[in-house]
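The values are calculated or read from the model by the stated rules, or taken from the named source; none is laboratory data. From a predicted model like this one, the values you see are computed outputs, not experimental measurements. Cβ coordinates were reconstructed from backbone atoms using ideal geometry, including for glycine residues, and neighbour counts include every protein chain displayed. When the accessible area is computed, the model is the full protein with side chains, heavy atoms only, and any ligands, DNA or RNA have been set aside. Shrake-Rupley method; radii C 1.70, N 1.55, O 1.52, S 1.80 Å.
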Amino acid sequence: MAPSFDNESSLFNFVVRDGNGVKGIVDSGISKVPQAYIQPHAEQIDKKSASKCEIPPIDLSKLDGPDHDEVVNQIVRAAETLGFFQVVNHGVPVQLLDSLKQTAHNFFSLPAERKAVYRKEVSPSPLVKYGTSFVPEKERALEWKDYISMAYTNDDEALQQWPIECRDVALQFLKTSHEMVRNLLEALLGNLGEELDDSKIDAFIGKKMVNMNFYPTCPNPELTVGVGRHSDMGTLTILLQDGIGGLYVKVPEDVDMEKKGEWVEIPPIPGALVINVGDMLQIWSNGRYKSAEHRVRTTSTKSRVSIPIFTSPLPTQKVAPLPQVVKKDGVARYREFVFSNYMNSFFGSAHDGKKSLEFAQINSN
């Protein structure tokens with residue numbers, strides 16, 4: 001029997017502690033969103049007033065031809081402005097993308113007890129975590145999302161420890177996207193005067209993780225969020241979204257673009273992947289590249305899935321603005337830190353826009 005969802009502690013136990021997730025609430029037959037999920041008015045997403053981002057996707061196959069420099073310029077321009085762009089002809093087979101979306105739906109339709117074995121407190125593997133919302137213990141309002149997170153160390157451990165229901169396609173996604181990630185990073189770092197060779201690559205993307213996110217249908221989407229306002233903490237995020245839509249990005253105030261300060265939707269493009277700049281790239285570039293503030297809306301019509309790959313430095317890596325960029329800019333806007341300390345700060349509080357960057361910011365008076 002489902003608990004009373006009006007009682008916050010019994011709802012929290014049902015959703016978080018017992019591993020039923022948001023899907024468990026929806027499956028119980030609710031007709032309205034429980035109070036714990038109702039966002040403050042300022043955080044609610046008005047779908048009607050948002051416009052779509054009309055920037056065409058970047059064709060990565062052209063990196064190998066005479067248009068190489070033009071494509072690099074497109075990648076750099078996107079990173080310097082919105083911090084979000086879409087790519088096609090990226091080297092990940094379209095059949096694999098379809099398979100990933102189906103696999104995510106299959107995983108989240110498993111009985112709660114099959115998923116709950118991967119809850120952080122009981123997971124048989126330190127690489128795998130099943131959860132809900134972001135940091136439920138610290139949030140004023142919960143996010144309408146369940147997820148499974150799979151950290152990558154090597155192929156053998158992934159095949160042994162990732163959930164059998166999704167390990168093969170998730171690992172394939174990681175491996176087939178690696179060359180694309182490297183090419184994007186080479187373009188972005190090369191523009192900053194930093195060459196990317198094999199000895200350096202782990203400093204930038206030594207840590208990788210594949211998530212599968214599930215946003216169940218919601219009776220009152222206008223009151224909730226799937227994910228609250230935030231930027232990603234790592235280097236680059238590679239996101240597969242399905243055809244339903246609901247991903248919104250905030251146009252930064254300090255860039256030469258229309259719609260400054262407005263939220264724009266990143267429309268699904270069949271076969272495309274969404275790329276976004278994370279906080280570490282903003283820091284290495286001394287603020288030249290923009291880690292994108294984004295959020296996700298829920299929907300009342302269909303459950304939505306998305307599958308991101310998060311790339312970041314190894315936890316022991318020291319991070320600071322690149323010296324050649326600081327020399328050119330005349331000032332360092334961020335201090336040096338160890339990435340694991342940034343991670344602890346990031347996961348230590350609820351989503352709150354780009355506040356995560358304050359950990360490293362040097363305040364200029």
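Taking the range 192-216 as the range and being more than 20 Å from the chain's Cα centre (by Cα), part of a loop (DSSP other than H, G, I, E, B) and surrounded by fewer than 18 Cβ atoms within 10 Å (Cβ to Cβ) as the test, the residues that pass are GLY193, GLU195, ASP197, ASP198, SER199, LYS200. The one condition from (1) over 22 Å from GLY234 (Cα atoms); (2) touching a Cys at 6+ places or on another chain (Cβ under 7 Å) that ARG304 does not meet is (2). PRO321 meets all of the listed conditions (1) modelled with pLDDT of 95 or more; (2) more than 17 Å from THR237 (Cα to Cα); (3) under 17 Å from the mean Cα position of the chain (by Cα) but one, namely (3). Residues considered: VAL319, VAL296. Of these, the only one that is in contact with a Pro (Cβ under 9 Å, 6 or more places away or on another chain) and closer than 26 Å to MET150 by Cβ is VAL319.
Within the range 252-272, the set of residues being more than 25 Å from TYR342 (Cβ to Cβ) and in contact with a Ser or Thr (Cβ under 8 Å, 6 or more places away or on another chain) comprises ASP256, MET257, LYS259, GLU262, VAL264, GLU265. For first residues located in the range 313-339 and in contact (Cβ under 8 Å) with a residue 24 or more places away in the chain and surrounded by 16 or more Cβ atoms within 10 Å (Cβ to Cβ), partners that are of a type in the set (D, E, K, R) and assigned to a strand (DSSP E or B) and lie 6+ apart or on another chain with Cβ distances below 7 Å form the pairs PRO313/LYS207. Scanning the range 222-260 for residues that are open to solvent by 20 Å² or more (accessible area, probe 1.4 Å) and part of a loop (DSSP other than H, G, I, E, B) yields a count of 11.
With ILE275, ILE283 as the choices, which residue is part of a strand (DSSP E or B) and out of contact with any Ser or Thr (no Cβ under 6 Å at 6 or more places or on another chain)? Write out each step before concluding.
Working: ILE283 fails: part of a strand (DSSP E or B).
Among ILE275, ILE283, only ILE275 is part of a strand (DSSP E or B) and out of contact with any Ser or Thr (no Cβ under 6 Å at 6 or more places or on another chain).
The residue that is modelled with the lowest pLDDT, counting only those in the range 262-312 that are crowded, with 22+ Cβ neighbours inside 10 Å and of a type in the set (Lys, Arg), is ARG297.
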